[in-house]
1. If you take the charge dipole of the chain about its Cα centre, with +1 on Lys and Arg Cβ and -1 on Asp and Glu Cβ, which of Leu172, Ser59, Gln193 is farthest toward its positive end?
2. Can you list the HN-Hα couplings for region 171-178, worked out from phi with the Karplus curve (6.51, -1.76, 1.60; θ = phi - 60°), rounded to whole Hz and with x for Gly and Pro?
3. About its Cα centre, how strong a charge dipole does region 92-236 have in debye, to the nearest 20, once Lys and Arg get +1 and Asp and Glu get -1 at the Cβ?
4. Return the long-range amide H neighbours of Leu134 (sequence gap of 5 or more, or a different chain), with a cut-off of under 5 Å between placed amide H atoms.
5. Based on Cα coordinates alone, diagonalise the gyration tensor for region 44-154, multiply each eigenvalue by 5, take square roots, and list the semi-axes in whole Å, largest first.
6. Leaving out ligands, DNA and RNA, what percent of the accessible area of the chain is carbon and sulfur, probe 1.4 Å?
7. Using only Cα atoms, find the angle between the long axis of helix 78-93 and the longest principal axis of the chain, and express it within 0 to 90 degrees, rounded to the nearest 10.
8. How big is the charge dipole of the chain about its Cα centre, in debye rounded to the nearest 20, if each Lys and Arg gets +1 on its Cβ and each Asp and Glu gets -1 on its Cβ?
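The values are calculated or read from the model by the stated rules, or taken from the named source; none is laboratory data. From a predicted model like this one, the values you see are computed outputs, not experimental measurements. Methodologically, a virtual Cβ is constructed for each residue, glycine included, from the backbone with ideal geometry; neighbour enumeration extends over all protein chains shown. Only protein heavy atoms, including side chains, enter the accessible area calculation; ligands, DNA and RNA are left aside. Shrake-Rupley method; radii C 1.70, N 1.55, O 1.52, S 1.80 Å.
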Amino acid sequence: MYDPPGYVWAITLAGVITVPAATCVLLYGGAMRAGLGRRAAALLAGGAAVVLGGWFTASAVIAGHGWYHTRLGHGVPWMPVAVIGFLLALLALRRIPVVARALTAPGMTKRLEAPHAFRMAGIAFLITMALGHLPALFALPAGLGDMATGVAALLLMRRPAGGAGRRAALWLNGFGMADLVVALTLGALTAYQLIQVTPAGSAISTLPLALVPTAEVPLLLALHITSVSALTRSSRAPLPAAAPLTVA
């Protein structure tokens, strides 16, 4: 069993914790912008913290017991089940009326990119590869893609929301989703040894790296999907009608 050094734990947990924390702050701000009031905003952010923190803790327990470390044909592949199940749960939860109002409040299309800035913690994949515990086939696209998305999110938040800023946001979300899908695919292929590489990708199924695909990635995918949906709706919004001319 791979036991990573302390600084890999620190970098990985920094990304795993800050992304859901930023999401809770995002929901609080969205609820305030939607006019729900401080009490409702605090309850929404607190509820999100319980849901996200609860699953992150449960996933850590599962990884700690080694249940993610399986081979195809030898028991249930719990990691893909966890990834898909958590993503579907998040997509269902965003349809709750109070959550939907917070996510679609005025000015939220740009703020939805904020949690992606913390994806620069993907450097942990590159460090683990350099230590000889992850294959380059997975670590390079996953780590570099995450870092590129994080830098792009920081730059995007400094641009105006409309026009070119909206197109840049669509590009960012498209690239970010592609990066996550490619990383999940390559991680599964190497971890389950469907592609024979040295070293194998088994380290992704152990702590702390196992928290990235099972907890952080589904949340990031849900944020991407929500952002694209909001950007699409904003582009279809009708222009305000011109004021009628009055005759003096």
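1. Leu172
2. 4, 4, 5, x, 5, x, 5, 4
3. So the magnitude is around 860 debye.
4. Met129
5. Result for region 44-154: semi-axes of 29, 22, 12 Å.
6. Values: 8810 of 12380 Å².
The value for the chain is 71 percent carbon and sulfur by accessible area.
7. It works out to around 10 degrees.
8. Working: 16 positive and 5 negative charges, 226 e Å.
So the dipole magnitude of the chain works out to roughly 1080 debye.
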